[in-house]
Amino acid sequence: MRDPRFDPLFQPLQIGPVTAPNRFWQVPHCTGMGNQHPASLAAMRGVKAEGGWGVVNSEYCSIHPSSDDTPAPYASLWDDGDTANMAAMADAVHAHSALAGVELWHGGGRSANVLSRQPSLGPESILSATAPWQNQTMDRQDIKALRDWHRAAALRARAAGFDVVYVYAAHTYLLAQFLDPVLNRRPDAYGGSFDNRTRLIRELLEDTRDAIGDRAAIAIRIEVTDEDGGNQTARAEFLGRIAPLVDVFDVTIPDYGTEMGPSRFVKEAALETHIAHVRATTARPVVSVGRFTSPDTMLSQLRRGILDFIGAARPSIADPFLPAKIRDGRIDDIRECIGCNICYAHDGLGAPIRCTQNPTMGEEWRQGWHPERVPALIGQADPVLIVGAGPAGLEAAVTLARRGVPVVLAEAGEPGGRVTREARLPGLSEWNRVIDWRLGQLKKLPQVTVYPGSRMTAADIIDTGIRQVMLATGSLWRADGRGRSAPGGMASLADPRTRTPDQVLDGAVLSGDPVVIFDDEGYHIAAGLADLLASKGHAVSYVTPAGTVAEWTAYTVEQSRLQARLIRLGVTILTGQIVAGLGPGTALLDCAYTGRRTEIACGTLIPVTSRQPQDGLWHDLQDAGLASLQRIGDARAPGLIAHAIHDAHGAARAHLTPLPPPKRERPVLGRQP
């Protein structure tokens, strides 16, 4: 039963002509699905509505082919076919009595239009954010055309059944470009003065109201300052002036690294001080984000008049049933977002989003997975022995137990595996939620017996008499430098100065300074180690063949802050360089482009190159006569924590019940006669 303290979170609230059933608002967020995967999109949004989100919005939804963000996936409302596909999403949301919203979007000069091949549009001609070509400067006919396209998309949104229609004026897209005094110096009625720069937004709000009438609410997504963080007073006055045209304000700030900030750098409710004035300024309902996972923090936002709706993207991905769990008094079952931004990374990679905490994200339609339900095994199931209680082993144990399978979980040390190590890096304590949530669930599953401090040999496994075995024994970083740059490894790294990341994070004593960290992987480990050791006073040199620190973390919105932090800590950063080996007191470096050899001082070398699956037990048990033997997680294929958990979840679902092939969304052409 719900704690009555949280009743305000479940009070309905009218927004214009519609009423939200509660205060949980899934803000528009990218999905990596868009108009290429409409069935996946509809199913995923429908699950969120089922989980209690009172308002469920689409991702950014293009109004016209001149707004094409390829290769990033986006939704669209260009024609009747798009209307039908987006209606599927609205219907899936309505099936659970939630409101469906759509965010109408034009990218302006930021969009490269690589698929549509139409000229980009903007207040002035600027370079695309992603390509070496520019947009055309919009004239009055272009502005009229834009208004017509926006109105047509609003009409399609109404026809598709949406209850909330957004005018999107944030995140450096077209309307934000018109607002920006740096990008909009037009001499006409749409540029120059602040009043002129806001004219197009006012016109689109009026056009949208005229198009949708009293069928749907109008939301605006807008930043409370200019791109440079200034002009807040003028912006606030503008929000007050347009309030009669708006039913709900979705407000944010220009600093996307804070709005979408990873937990390494940004904590819960980070936007509060920036947006707290909007509710009083507009006298309209306000929604904003803050990676809210604590029900107490959510309640505080409402009670103190900061927000009327708790906006969420990532928390709704990590746990689509977060509202339902608060409603039903199951707060300790909430699967809290860890702020790793793996969801956002995969949209940037052009693939459907996934989640470290929630392995079913993106699989709702493709594989029919549900975040709260797994198919029960029929009849009495034999026990399964899982060796290893890292993220994969714990996920497999939880999922098997929910299916009704008795589980014996043996762990050589304490549960946690690689997560426990990685969470020791600066700022990553919230990553422990991966382990904490699964251990909490296991306490509620009496069919699971956990044996910490139980290192298993092949003989030990055979002696248990359990014939169904899953090996979640993980992986360890290689000490020989084997990786992209040196596929065969480097013999000279067999040196007392070499330490692996695992050894360092487990507290191994370094052999001396300076410490050279070779990042041949490109994700966060090497940069995190440089941060950790430099913060302890070590002299650190960070070496990478890439052009930036932790290059892959650009996908997780961490790269620039990681590099800035290492610079502030005095870390020597050597890009475009490959560690080629160790010499007496030195590390040998080769230029990644010319091969020119140099040397730097080296007291300790930490190669962050690749990992070795710890699959010895799997090899040893091949002829043991077991009924089933599987490697799962990193023991099978080292990857992200998200990979390990997804692999284990799938293996547990497939145990004794083979899964059908994943469904695919793609055009199928008929054969021509």
Quick check on this structure: which one of G393, G404, G362, G379 is in a loop (DSSP other than H, G, I, E, B) and in contact with a helix residue (DSSP H, G or I) (Cβ under 9 Å, 6 or more places away or on another chain)? G362
Out of the residues in the stretch 109-160 that are within 16 Å of L200 (Cα to Cα) and β-branched (V, I, T), which is most open to solvent (accessible area, probe 1.4 Å)? T137
Give just the number: which of (1) closer than 22 Å to A176 by Cβ; (2) of a type in the set (A, V, I, L, M, F, W, C); (3) touching a residue at least 40 places away in the same chain (Cβ under 8 Å); (4) buried (at least 22 other Cβ atoms within 10 Å of the Cβ) does A216 not satisfy? (1)
Of residues in the stretch 66-89 being more than 23 Å from the chain's Cα centre (by Cα) and surrounded by 22 or more Cβ atoms within 10 Å (Cβ to Cβ), the one farthest from W25 (Cα to Cα): S66
Any chance the stretch 543-559 includes a residue that's of a type in the set (A, V, I, L, M), closer than 28 Å to R354 by Cβ and open to solvent by less than 10 Å² (accessible area, probe 1.4 Å)? yes
Being open to solvent by 10 Å² or more (accessible area, probe 1.4 Å) and either in a loop (DSSP other than H, G, I, E, B) or touching a His at 6+ places or on another chain (Cβ under 6 Å) (or both) is the filter here, so list the residues in the stretch 341-354 that pass it. L349, G350, A351, P352, R354
For the stretch 166-204, how many residues are of a type outside the set (V, I, T), outside any loop (DSSP other than H, G, I, E, B) and closer than 17 Å to Y60 by Cα? 8
I567 vs. criteria closer than 24 Å to Y593 by Cβ, within 28 Å of the chain's Cα centre (by Cα) and open to solvent by 60 Å² or more (accessible area, probe 1.4 Å): yes
Suppose we keep only residues that are in a loop (DSSP other than H, G, I, E, B) and not small (G, A, S) within the stretch 34-65. Which one would you say is surrounded by the most Cβ atoms within 10 Å (Cβ to Cβ)? W53
Over the stretch 8-29, the set of residues within 29 Å of the chain's Cα centre (by Cα) and of a type in the set (G, A, S) is A20
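Okay, residues lined up against (1) aromatic (F, W, Y); (2) buried (at least 24 other Cβ atoms within 10 Å of the Cβ); (3) out of contact with any Leu (no Cβ under 8 Å at 6 or more places or on another chain):
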{"residue": "G305", "(1), (2), (3)": "no, no, yes"}
{"residue": "T356", "(1), (2), (3)": "no, yes, no"}
{"residue": "W365", "(1), (2), (3)": "yes, no, yes"}
{"residue": "V374", "(1), (2), (3)": "no, no, yes"}
{"residue": "I378", "(1), (2), (3)": "no, no, yes"}
{"residue": "A381", "(1), (2), (3)": "no, no, no"}
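Check I466, I461 and return the single one that is open to solvent by less than 10 Å² (accessible area, probe 1.4 Å), at pLDDT 95 or above, of a type in the set (A, V, I, L, M, F, W, C) and outside any strand (DSSP E or B).
Selected residue: I461, the only one of I466, I461 that is open to solvent by less than 10 Å² (accessible area, probe 1.4 Å), at pLDDT 95 or above, of a type in the set (A, V, I, L, M, F, W, C) and outside any strand (DSSP E or B).
Does L271 qualify as being under 15 Å from R23 (Cβ atoms) and surrounded by 19 or more Cβ atoms within 10 Å (Cβ to Cβ)?
Here the answer is no, as L271 does not meet what is asked.
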Do we find that V419 is among the hydrophobic types (A, V, I, L, M, F, W, C), in a helix (DSSP H, G or I) and either open to solvent by 30 Å² or more (accessible area, probe 1.4 Å) or in contact with a Pro (Cβ under 6 Å, 6 or more places away or on another chain) (or both) in this structure? yes
Residue satisfying all of: in the stretch 613-630; open to solvent by 40 Å² or more (accessible area, probe 1.4 Å) and charged (D, E, K, R); nearest to P658 (Cα to Cα) among these: D623
Please tell me if P452 is without any contact (Cβ under 8 Å) to a residue 24 or more places away in the chain, open to solvent by 10 Å² or more (accessible area, probe 1.4 Å) and over 18 Å from R653 (Cα atoms). no
Scan R291, R284, R279 and give me the residue that is touching a Gly at 6+ places or on another chain (Cβ under 7 Å), open to solvent by 20 Å² or more (accessible area, probe 1.4 Å) and among the charged types (D, E, K, R). R279
Can you run down the residue pairs with Cβ atoms below 6 Å, 6 or more apart or on separate chains, where the first is in the stretch 346-373 and farther than 18 Å from A39 by Cβ and the partner is open to solvent by 40 Å² or more (accessible area, probe 1.4 Å) and not in a loop (DSSP other than H, G, I, E, B)? P359/H646
Within the set of pairs 6 or more residues apart or between chains, which connect a residue that is free of Cβ contacts under 8 Å to residues at least 12 places away in the same chain inside the stretch 546-564 to a residue that is of a type outside the set (S, T, N, Q) with Cβ atoms less than 6 Å apart? Q559/A550
Which residue out of G650, G633, G670, G603 is without any contact (Cβ under 8 Å) to a residue 12 or more places away in the chain and either open to solvent by 40 Å² or more (accessible area, probe 1.4 Å) or not aliphatic (A, V, I, L, M) (or both)? G670
Single match in F265, F249, F238 (criterion: open to solvent by 20 Å² or more (accessible area, probe 1.4 Å) and aromatic (F, W, Y)): F265
Under 6 Å between Cβ atoms, which residue pairs at least 6 apart in sequence (or on different chains) link something in the stretch 522-543 that is farther than 15 Å from F265 by Cβ with a partner that is hydroxyl-bearing (S, T, Y)? A530/Y542; S541/T572
Can you confirm whether A131 is on the phi < 0 side of the Ramachandran plot and touching a residue at least 24 places away in the same chain (Cβ under 8 Å)? no
What single numbered condition from (1) at negative phi; (2) not in a loop (DSSP other than H, G, I, E, B) fails to hold for T594? (2)
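For (1) part of a loop (DSSP other than H, G, I, E, B); (2) within 23 Å of G417 (Cβ to Cβ); (3) touching a Cys at 6+ places or on another chain (Cβ under 6 Å), each residue gets a yes or a no:
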{"position": "P446", "(1), (2), (3)": "yes, no, no"}
{"position": "R455", "(1), (2), (3)": "yes, yes, no"}
{"position": "M470", "(1), (2), (3)": "no, yes, no"}
{"position": "G481", "(1), (2), (3)": "yes, no, no"}
{"position": "G488", "(1), (2), (3)": "yes, no, no"}
{"position": "S511", "(1), (2), (3)": "yes, no, no"}
{"position": "I517", "(1), (2), (3)": "no, yes, no"}
Looking at (1) open to solvent by 20 Å² or more (accessible area, probe 1.4 Å); (2) assigned to a loop (DSSP other than H, G, I, E, B), can you tell me which one T31 breaks? (1)
A392 more than 30 Å from T556 (Cβ to Cβ) and either at pLDDT below 95 or surrounded by 23 or more Cβ atoms within 10 Å (Cβ to Cβ) (or both): no
Out of curiosity, is G440 of a type outside the set (A, V, I, L, M) and in a helix (DSSP H, G or I)? yes
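The values are calculated or read from the model by the stated rules, or taken from the named source; none is laboratory data. Just so it is clear, the structure is predicted and the values come from calculations on it, not from any experiment. Cβ atoms come from the backbone with ideal geometry, glycine included; neighbour counts cover every protein chain shown. Side chains included, ligands, DNA and RNA excluded: accessible areas come from the protein's heavy atoms. Shrake-Rupley method; radii C 1.70, N 1.55, O 1.52, S 1.80 Å.
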